[in-house]
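The values are calculated or read from the model by the stated rules, or taken from the named source; none is laboratory data. Everything numeric in this text was worked out from a predicted model, so none of it was measured. Neighbour counts run over all protein chains shown; Cβ positions are idealised from the backbone, glycine included.
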Amino acid sequence: MSVTDKDLLELETSELSLLETLDHVLNRGLVIAGEITISVADIDLIFVGLNVLVGSVETIEEVLGERAESDVPRLND
Amino acid sequence: MGLYLYCLSDELKAGATLSVTGIAEIAPRVIELGAIKAVVSDVQTHPVRVTKDNVIAHERVIDCVMAQTTPLPFRFGSVVKPDELQAYIASNEDRLRSLLDRVRGAVEMSVKIIWDREAVVGERAKNRPDDLVKAEGAGPGLSFLLAKQKQMEGRQELKIKAGLLASWLDEGLGRLVRDRVVTINPADAMVVRAAHLVERGRVAEYRERVNWLSRERNDLRFLTSGAWPPYSFSHLRS
């Protein structure tokens with residue numbers, strides 16, 4: 001998955017607002033080592049897409065890779 | 001079954017319940033772990049699914065705490081056993097209290113600067129036509145090296161411009177910012193991502209200042225948001 005600069009520049013305000021929430025909630029905050037396990041099995045793809053824009057590319061590639069390998073993928077932090 | 005973690009605080013009362021629902025529509029509660037209290041929900045399911053409802057519930061609970069005090073938020077999806085939480089607090093209590101002192105009375109504000117990278121690169125090419133002249137008539141080896149050199153110079157120049165942009169923002173905000181976490185990504189459209197810790201009483205002044213700065217640079221796009229719980233200031237350095 002790749003997101004171009006044009007995609008980013010054309011995001012709507014409502015999408016940016018959601019993006020900001022996801023950026024804070026999913027990418028930052030206190031972490032107890034090894035204790036974050038989130039399921040992305042039923043995630044709306046827009047969440048994944050938006051998270052790509054603000055999260056690390058490596059993280060999202062990991063998520064998408066695991067999605068392909070497992071019915072119940074997990075993102076371990 | 002485990003404890004879903006929302007945030008930590010040293011100013012909440014143990015045993016209190018919050019007036020909002022959390023993950024899985026369960027009311028969160030406050031538990032005492034020495035001087036530090038944790039806001040948690042008892043959850044049966046694991047892992048926690050990243051749904052819109054769950055993400056909003058996580059944020060809603062922490063926002064409710066934010067109305068009373070500034071906590072240290074956990075990242076979405078933190079589920080632990082009670083003894084694991086206790087061990088975490090016990091082994092990090094001093095550092096957590098220090099973090100709580102750092103964020104006390106403040107909120108996180110976010111500024112992301114988006115530049116038109118292609119325009120920035122294009123501007124450079126326009127100002128450096130000599131690169132093309134040099135390559136004319138050169139053999140494949142020299143052409144390759146010149147192209148490589150041009151590429152490296154381009155990267156370096158983007159890095160410098162991105163750094164200058166971050167410095168401009170920082171200087172423009174001055175003492176309105178108590179602390180900051182800034183990431184610079186010259187290769188990305190979102191070139192600067194800044195999280196600022198701002199006193200609650202100075203948020204309006206901060207917003208006004210950011211608006212003023214953004215009007216100075218019409219060539220850039222500014223994505224501003226906040227007030228947030230201090231997510232970017234809630235991590236223990238190892």
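On the given criteria, is B:Ala38 touching a residue at least 40 places away in the same chain (Cβ under 8 Å) and farther than 30 Å from B:Ile160 by Cβ? Taking the combined requirement at face value, the residue satisfies it.
Within the range B:100-123, residues that are more than 26 Å from B:Asn211 (Cβ to Cβ) have Cβ atoms under 9 Å from residues that are assigned to a strand (DSSP E or B) in these pairs: B:Leu100/B:Leu8; B:Leu100/B:Ser9; B:Leu100/B:Ile36; B:Leu100/B:Leu72; B:Arg102/B:Asp179; B:Arg102/B:Leu197, counting only partners at least 6 apart in sequence or on another chain. Here B:Ala14 clears all of (1) part of a strand (DSSP E or B); (2) at pLDDT below 85 except the condition numbered (1). Applying the condition of being within 14 Å of another protein chain (Cβ to nearest Cβ), in a strand (DSSP E or B) and of a type in the set (A, V, I, L, M, F, W, C) to the range B:198-238 and asking which residue is surrounded by the fewest Cβ atoms within 10 Å (Cβ to Cβ) yields B:Phe222.
Residues in the range B:170-190: is at least one surrounded by fewer than 18 Cβ atoms within 10 Å (Cβ to Cβ), within 16 Å of B:Asp116 (Cα to Cα), within 14 Å of another protein chain (Cβ to nearest Cβ) and polar (S, T, N, Q)? Yes, the range B:170-190 contains a residue that is surrounded by fewer than 18 Cβ atoms within 10 Å (Cβ to Cβ), within 16 Å of B:Asp116 (Cα to Cα), within 14 Å of another protein chain (Cβ to nearest Cβ) and polar (S, T, N, Q).
Listed by first and then second residue, the pairs linking a residue in the range B:71-82 that is without any contact (Cβ under 8 Å) to a residue 60 or more places away in the chain to a residue that is of a type in the set (S, T, N, Q), with Cβ atoms under 8 Å apart and 6 or more places separating them unless they lie on different chains, are B:Phe76/B:Asn54; B:Gly77/A:Thr37.
Scanning the range B:28-70 for residues that are closer than 17 Å to B:Asp10 by Cβ and within 11 Å of another protein chain (Cβ to nearest Cβ) yields B:Ala38, B:Ile62.
Could you say whether any residue in the range B:70-91 is among the aromatic types (Phe, Trp, Tyr) and either touching a Pro at 6+ places or on another chain (Cβ under 7 Å) or not in a strand (DSSP E or B) (or both)?
yes
Evaluating B:Val61 against the criteria (1) out of contact with any strand residue (DSSP E or B) (no Cβ under 6 Å at 6 or more places or on another chain); (2) free of Cβ contacts under 8 Å to residues at least 60 places away in the same chain; (3) in a helix (DSSP H, G or I); (4) not hydroxyl-bearing (Ser, Thr, Tyr) leaves one unmet condition, (1). For B:Ser167, which of the numbered conditions (1) under 27 Å from B:His196 (Cα atoms); (2) modelled with pLDDT under 90; (3) of a type outside the set (Val, Ile, Thr) fails to hold? Of the numbered conditions (1) under 27 Å from B:His196 (Cα atoms); (2) modelled with pLDDT under 90; (3) of a type outside the set (Val, Ile, Thr), the odd one out for B:Ser167 is (2).
Taking the range B:110-136 as the range and being outside any helix (DSSP H, G or I) and at pLDDT below 70 as the test, the residues that pass are B:Arg128, B:Pro129, B:Glu136.
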